[in-house]
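Enquirer: For reference, the structure I am asking about is given below.
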Amino acid sequence: MKPPMLARLLLLTVAGEAEGEFVAGDLHEEFLHLCATRGRPAGNRWYAWQVVRSVVTLLGLRLRSGEAMQLALAALSVAVPLLLLDRLWCFVYSQIPLKDGLDRAPGFLAVNVLYVCICSALCGSAARSFQRAILIAAVTAAAAAFALWPAAGETPAIYVWLVLLTAPASSLLVFTWRRFG
């Protein structure tokens, strides 16, 4: 019998690599015992409740071990420069008279996409497991979306899609190349 999928994923995501499998194994043993004695619904409720109760403690352990710092650096390395580059674009074009109708230069957008790929790839190369690589890819995509959201001016849709797709793709690509290549 398997515990509830969402609760297990939350547990493994929050616990991280160091504690995840140990905690999940202990909870699984108790889950099997409860399912055998009280039934599957009671076991599912107990498992979900234990995961919810453990989230704060496991996040604290993760912060102390430094694992969360890697995720924060991944998010910052993608989001902050994209925001700063957008502000630079706004400043430069604010200095040009009769600037109505000016769109971002294709070179500017290409540099941003290249930057996102490089930063995401560096973040993905630091992952030690596939779960960690997936988490880093999700964080880089969310950070890119966060950075693009308040962008000033007209942002081409193809640029937004390229940034949102290349951030996690380059992170995962470098991880798989480093791991299996």
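Enquirer: For segment 56-66, indicate whether the set of residues that are more than 23 Å from residue 142 (Cβ to Cβ), out of contact with any Pro (no Cβ under 9 Å at 6 or more places or on another chain), without any contact (Cβ under 8 Å) to a residue 12 or more places away in the chain and polar (S, T, N, Q) is non-empty.
Expert: Yes.
Enquirer: Also, I was wondering about something else. Does residue 15 qualify as being modelled with pLDDT under 90 and within 16 Å of residue 71 (Cβ to Cβ)?
Expert: When the stated conditions are applied, residue 15 passes them.
Enquirer: Taking residue 58 as the residue in question, decide whether it is open to solvent by 30 Å² or more (accessible area, probe 1.4 Å) and part of a helix (DSSP H, G or I).
Expert: On the way: open to solvent by 30 Å² or more (accessible area, probe 1.4 Å): no; part of a helix (DSSP H, G or I): yes.
Considered against the rule, which asks whether it is open to solvent by 30 Å² or more (accessible area, probe 1.4 Å) and part of a helix (DSSP H, G or I), residue 58 comes out as no.
Enquirer: Now a separate question. Among the residues of segment 17-53, what is the count of those that are open to solvent by 30 Å² or more (accessible area, probe 1.4 Å) and under 21 Å from the mean Cα position of the chain (by Cα)?
Expert: Matching residues across segment 17-53 total 5.
Enquirer: Identify all residues within segment 164-181 that are open to solvent by less than 50 Å² (accessible area, probe 1.4 Å) and aromatic (Phe, Trp, Tyr); write none if there are none.
Expert: 175
Enquirer: Among the residues in segment 69-78, are any hydrophobic (A, V, I, L, M, F, W, C), in a helix (DSSP H, G or I) and free of Cβ contacts under 8 Å to residues at least 12 places away in the same chain? First the steps, then the outcome.
Expert: If we filter segment 69-78 for residues that are hydrophobic (A, V, I, L, M, F, W, C), which is where we start, we get 69, 71-76, 78.
Still in the list and also in a helix (DSSP H, G or I): 69, 71-76, 78.
Cutting the leftovers down to free of Cβ contacts under 8 Å to residues at least 12 places away in the same chain gives us 69, 72.
Within segment 69-78, one or more residues are hydrophobic (A, V, I, L, M, F, W, C), in a helix (DSSP H, G or I) and free of Cβ contacts under 8 Å to residues at least 12 places away in the same chain.
The values are calculated or read from the model by the stated rules, or taken from the named source; none is laboratory data. The structure presented is a predicted model; accordingly, all values stated were derived computationally and were not measured. Neighbour counts are summed over all protein chains in view; Cβ atoms, including those assigned to glycine, are modelled from backbone coordinates with ideal geometry. Ligands, DNA and RNA are excluded from the accessible area calculation, which covers all protein heavy atoms including side chains. Shrake-Rupley method; radii C 1.70, N 1.55, O 1.52, S 1.80 Å.
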